[in-house]
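Worksheet: one structure, shown below.
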């Protein structure tokens, strides 16, 4: 096997990626463990779902191979529990099972799996899938760090408009702005917008489509940021709190709340069209607010108004 795939072996040996295999059949564990160990991976095993969850309290694997049919807690329940835990929510899960009906495959993906292979598992195939998914997960982790350093959050969607990955901050913001207790229509708007965006070929990067959701003095702005991987698309999320910016501008500069909101977005580099879409007003209305802002601030240009706002230290 090593001679057939030397690059895979060398790369895995250098990284020592950790694979957790969850299967109640000893023969399957031995078969996969030997192949993965020979390819250079560090292998952990669990004979049931409860043991797998306990393993994650001590170490976070790079990927999990999960049998669907097990006594007690089956693979679907186990996957759900793993994805609900902090340690397991971002770990890729590949299901391994003899179940081939569509309902089982859909069930696996609904519980958070990223891939699905049927038994008997072929060693070369599972090694290729493991390498691909670990590489993808590592790329997304780097993207997550880069995005959140800038105070933003990110998520990816597939061609069907389904969320395939999201940063912890994105998960937190979506829960706040789209939960049923807040306003179910927000989630419906978001799902419809994502579905429409994913089906456009290709999504228009030039116009950078954007959606805004409002809740309790805050605004969540979601913007298309381009294709990132295998037909998946990246969306960037940024929260704007009126009480942290617009309200202070209103108090310090003698503006109305609407004027201060316009000025806040102006200082963030948004065009009049962008501001209109974000705040739900027409371009002429944006221009009228800007005229009032210029008069109150004693300035004549957009850049001068933005400079005044930035000097207040309350930009977005």
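Of note:
- Looking across the range 58-82, the residues that are more than 24 Å from residue 36 (Cα to Cα) and part of a helix (DSSP H, G or I) come down to 77, 80, 81.
- Filtered by the rule that a residue be in contact with a helix residue (DSSP H, G or I) (Cβ under 9 Å, 6 or more places away or on another chain) and either buried (at least 19 other Cβ atoms within 10 Å of the Cβ) or outside the structural domain of residue 73 (by TED's automatic domain parsing) (or both), the range 122-137 gives 126, 127, 130, 131, 134.
- The set of residues from the range 144-165 being surrounded by 18 or more Cβ atoms within 10 Å (Cβ to Cβ) and either assigned to a helix (DSSP H, G or I) or touching a helix residue (DSSP H, G or I) at 6+ places or on another chain (Cβ under 6 Å) (or both) comprises 144, 147, 153, 154, 155, 157, 165.
- For residue 24, the conditions (1) within 27 Å of the chain's Cα centre (by Cα); (2) not in a helix (DSSP H, G or I) all hold with the exception of (1).
- Within the range 100-118, the set of residues being out of contact with any strand residue (DSSP E or B) (no Cβ under 6 Å at 6 or more places or on another chain), surrounded by fewer than 17 Cβ atoms within 10 Å (Cβ to Cβ) and in contact (Cβ under 8 Å) with a residue 12 or more places away in the chain comprises just one member, 118.
- Criterion (touching a strand residue (DSSP E or B) at 6+ places or on another chain (Cβ under 6 Å) and closer than 27 Å to residue 194 by Cα) met by exactly one of 279, 266, 235: 235
- Checking the range 192-199 against the condition returns no match, with no residue being modelled with pLDDT under 85, closer than 20 Å to residue 152 by Cα, surrounded by 18 or more Cβ atoms within 10 Å (Cβ to Cβ) and out of contact with any strand residue (DSSP E or B) (no Cβ under 8 Å at 6 or more places or on another chain).
The values are calculated or read from the model by the stated rules, or taken from the named source; none is laboratory data. On a predicted model such as this, the values are computed, not experimentally measured, just so you know. Glycine gets a Cβ as well: all are built from the backbone with ideal geometry, and neighbour counts include every protein chain shown.
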